[in-house]
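To start, the structure under review is shown below, and the notes come after it.
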Amino acid sequence: QKDGYPHYMIKEIHEQPQAILRTITPRIKNGLPFFEDDQIPDSFFEGVTDITIIACGTAMYAGMVGKTMIQNRLQIPVTVTIASEFRYEMPILSKNSMVIAVSQSGETIDTLEALRLASKYTDRTISLVNVKGSSIARESHYALYTHAGPEIAVASTKAYTVQCATMYLLACKLGLSLGKMSEADAKEFIKTLESVPDYIEAVIAKASDVEQLTRQMINSEHTFFIGRGLDYTLTMEGALKLKEISYIHAESYAAGELKHGTIALIAEGVPVIAVATQKHVYSKTISNIREVKARGAYVILLSMDEKITDDSICDVHISLPQVPDEFAIFEAVVILQLIAYYTSVGKGLNPDQPRNLAKSVTVE
Ligand code: M6R
């Protein structure tokens with residue numbers, strides 16, 4: 001079933017363009033988001049005042065992408081709460097709050113309990129779930145299935161990108177309903193979303209370059225991932241991926257936060273994976289990168305800047321295809337997934353079955 005790939009994880013990384021297409025295509029009509037086949041009425045989106053996203057692990061990091069993107073685009077408050085925390089807090093929700101539960105398996109107990117609690121406050125709960133008929137899908141008011149197909153590798157890859165793509169569709173629909181996006185803006189947004197699978201294909205074609213650069217990481221004990229804004233949200237996922245399958249300590253930091261303490265850990269040769277795709281903070285991130293480079297870090301930079309040649313900035317530059325900033329996360333995360341995969345394989349580990357982890361966490 002691995003279709004000639006050595007591991008499920010790399011197979012699933014390659015499946016991402018198709019998984020996104022399968023998920024978004026049936027939900028686009030006349031260039032606009034369309035959820036009627038999912039039986040979600042327009043009234044579900046009307047009058048929403050705030051959003052709370054509940055999830056665990058990678059699904060929670062997809063939620064972080066959603067939060068940053070939705071807040072920037074629609075200017076409505078979005079909170080992401082780790083489900084295991086949410087279920088023991090006093091939620092601040094009203095009947096106009098939308099609650100989004102994100103889960104690949106649909107069976108993660110903390111997310112399910114958080115959803116049950118949220119349902120006491122609002123009838124506007126919706127789940128983004130990959131497994132049909134799962135508990136979270138059944139217990140939310142509406143389910144928006146992601147069509148990633150079965151994800152076998154413990155480390156989630158394609159489930160994350162389809163969750164992000166579904167979140168983008170949802171944001172667009174909400175933007176239209178709340179009058180925060182014009183129809184022309186929405187059409188442009190959807191058109192770009194539809195081209196994401198092609199950009200991901202282009203990035204996957206760089207897999208052998210990524211394999212080369214991970215040689216530097218195999219013997220590392222510590223690594224740092226940095227970025228700002230949307231880039232920061234996806235470096236969290238990149239760090240989790242590396243930790244879970246390579247057992248290398250990886251931390252994600254908002255690039256501007258490093259100098260408030262963590263930069264003390266940067267020593268000669270420590271890998272720093274920097275993502276700089278957001279134009280409004282690009283020069284700020286680059287200056288943070290120069291700070292770590294000057295202290296000896298081995299810097300791998302992912303950006304859409306074709307002009308990077310300066311080795312005072314980075315040791316390796318991975319150039320990403322040009323896309324509107326909001327959509328760069330889809331390209332960058334694939335590189336981060338590949339970095340984790342090849343580092344794990346380079347260390348002689350089996351990325352599909354990391355120690356101590358289960359695919360679905362049904363206990364607290
Ligand atoms: O099935 P879920 O999406 O609810 O699972 C949530 C997490 O347990 C899961 O994403 C976990 O963090 C993965 N090992 C990440 O690769």
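For beta carbons closer than 7 Å, sequence separation of 6+ or different chains, a first residue in segment 201-218 that is in contact (Cβ under 8 Å) with a residue 12 or more places away in the chain and surrounded by 15 or more Cβ atoms within 10 Å (Cβ to Cβ) and a second that is outside any helix (DSSP H, G or I) and basic (Lys, Arg), the qualifying pairs are 218/347. If the condition is being assigned to a helix (DSSP H, G or I) and of a type in the set (Phe, Trp, Tyr), then segment 30-44 contributes only 44.
For (1) of a type outside the set (Ser, Thr, Tyr); (2) part of a helix (DSSP H, G or I); (3) buried (at least 23 other Cβ atoms within 10 Å of the Cβ), each residue gets a yes or a no:
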site: 114; (1), (2), (3): yes, yes, yes
site: 121; (1), (2), (3): no, no, no
site: 136; (1), (2), (3): yes, yes, yes
site: 147; (1), (2), (3): yes, no, no
site: 151; (1), (2), (3): yes, no, yes
site: 155; (1), (2), (3): yes, no, yes
site: 168; (1), (2), (3): no, yes, yes
site: 179; (1), (2), (3): yes, no, no
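Filtered by the rule that a residue be assigned to a helix (DSSP H, G or I), away from the ligand (no atom under 16 Å from the Cβ), farther than 17 Å from residue 161 by Cα and open to solvent by 40 Å² or more (accessible area, probe 1.4 Å), segment 45-101 gives 71, 72, 73. Quick one: would you say residue 312 is at pLDDT below 95, within 16 Å of the ligand (Cβ to nearest atom) and over 17 Å from residue 238 (Cα atoms)? It is false that residue 312 is at pLDDT below 95, within 16 Å of the ligand (Cβ to nearest atom) and over 17 Å from residue 238 (Cα atoms). Listed by first and then second residue, the pairs linking a residue in segment 337-364 that is within 15 Å of the ligand (Cβ to nearest atom) to a residue that is modelled with pLDDT of 95 or more and open to solvent by 50 Å² or more (accessible area, probe 1.4 Å), with Cβ atoms under 6 Å apart and 6 or more places separating them unless they lie on different chains, are 360/107; 362/107. Cβ-Cβ distances below 6 Å connect the following pairs, each with a first residue in segment 92-114 that is farther than 14 Å from residue 79 by Cα and modelled with pLDDT of 95 or more, a second residue that is assigned to a loop (DSSP other than H, G, I, E, B) and near the ligand (Cβ under 7 Å from one of its atoms), and a separation of six or more residues or different chains: 104/156; 105/360; 107/360; 108/56; 108/361; 110/56; 111/56.
The values are calculated or read from the model by the stated rules, or taken from the named source; none is laboratory data. Bear in mind the structure is a predicted one, so any value in this text is a computation, not a measurement. So basically every Cβ, Gly included, is an ideal-geometry build from the backbone, and we count neighbours across all protein chains shown. Protein only, heavy atoms only, side chains kept; ligands, DNA and RNA dropped before computing areas. Shrake-Rupley method; radii C 1.70, N 1.55, O 1.52, S 1.80 Å.
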